[in-house]
Amino acid sequence: MKNTRLRALASFIALMLWSWLALAAATTTAVTGSVEATSQKGVSGALAVGQRIESGATVKTGERSSTVLRFDDGQSISLAGNTTFVLVEYNFDPHKPAEGGLVATLLRGAMRAVTGVIGETAPQSVKFTTVTATVGIRGTDFNLHLVDSRLYIQVAQGAVSASNSAGTEVFDAVRRSTGMVSSSSTLPQTLQPSELPPNVLGDFRQLSAVPITGKERRPGADDPTCSDRR
């Protein structure tokens with residue numbers, strides 16, 4: 001009887017762990033300094049390497065701090081110091097990647113994003129919103145910096161679109177790698193890299209120095225995100 005109860009308890013714990021993994025979206029692969037995560041239910045705590053992040057979570061980095069989030073589709077997002085990032089929604093099925101999507105909000109600070117399999121197969125389903133503009137991707141590696149409602153953009157690979165009530169502009173790594181959106185009613189404009197404010201340039205350099213990749217994650221037989229296991 002005792003062994004039966006122990007087996008039942010072990011099965012219950014395994015089921016709960018599997019459910020938690022299936023609902024989560026990303027794994028923290030690096031943490032420097034002070035980084036805090038708050039779940040959609042309002043539960044807060046220090047973020048550690050290996051911790052899983054769910055949709056609806058808010059991640060905040062302190063001064064001179066940083067973190068890297070590796071998503072289940074292979075996308076990576078790096079956050080610089082004094083940054084607030086909200087993972088609004090994330091969906092990914094490795095067997096149906098084109099049906100996945102990611103929506104995130106940058107409330108302040110700086111971030112870098114490198115495309116994963118969702119961005120490669122359904123780029124229109126990946127969006128980064130700010131108070132100034134919404135940034136869409138076209139298979140890319142790029143930086144964003146939001147300060148005083150002014151959004152700065154720098155593209156290292158591929159291209160991104162910046163859209164607001166004034167219109168849409170595309171920035172790419174070859175011809176227009178750097179841009180700025182000064183307000184939600186102002187058309188995005190091109191900048192020379194040398195025109196970036198020192199603090200923005202410093203954060204972009206910090207983010208670019210972090211080794212992150214955006215390669216596709218292949219589902220394994222025991223992958224908790226596999227649709228045939230749900």
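Every number here is computed from the coordinates shown, using simple stated rules; none is lab data. Just so you know, these numbers come straight off a predicted model, no measurement behind them. Here the Cβ positions follow ideal geometry from the backbone for every residue, glycine too, while neighbour counts run over all protein chains shown.
Some points to look at:
- Subset tally (residues that are closer than 17 Å to F85 by Cβ, under 17 Å from the mean Cα position of the chain (by Cα) and without any contact (Cβ under 8 Å) to a residue 40 or more places away in the chain) for region 131-150: 5
- Matching residues, region 189-206, being under 22 Å from the mean Cα position of the chain (by Cα) and crowded, with 16+ Cβ neighbours inside 10 Å: V200, L201, D203, F204, Q206
- Residue in region 166-176 that is closer than 19 Å to F85 by Cβ, crowded, with 17+ Cβ neighbours inside 10 Å and of a type outside the set (F, W, Y) present: no
- Residue among V68, V131 that is of a type in the set (V, I, T), closer than 26 Å to F171 by Cα, buried (at least 20 other Cβ atoms within 10 Å of the Cβ) and out of contact with any helix residue (DSSP H, G or I) (no Cβ under 9 Å at 6 or more places or on another chain): V68
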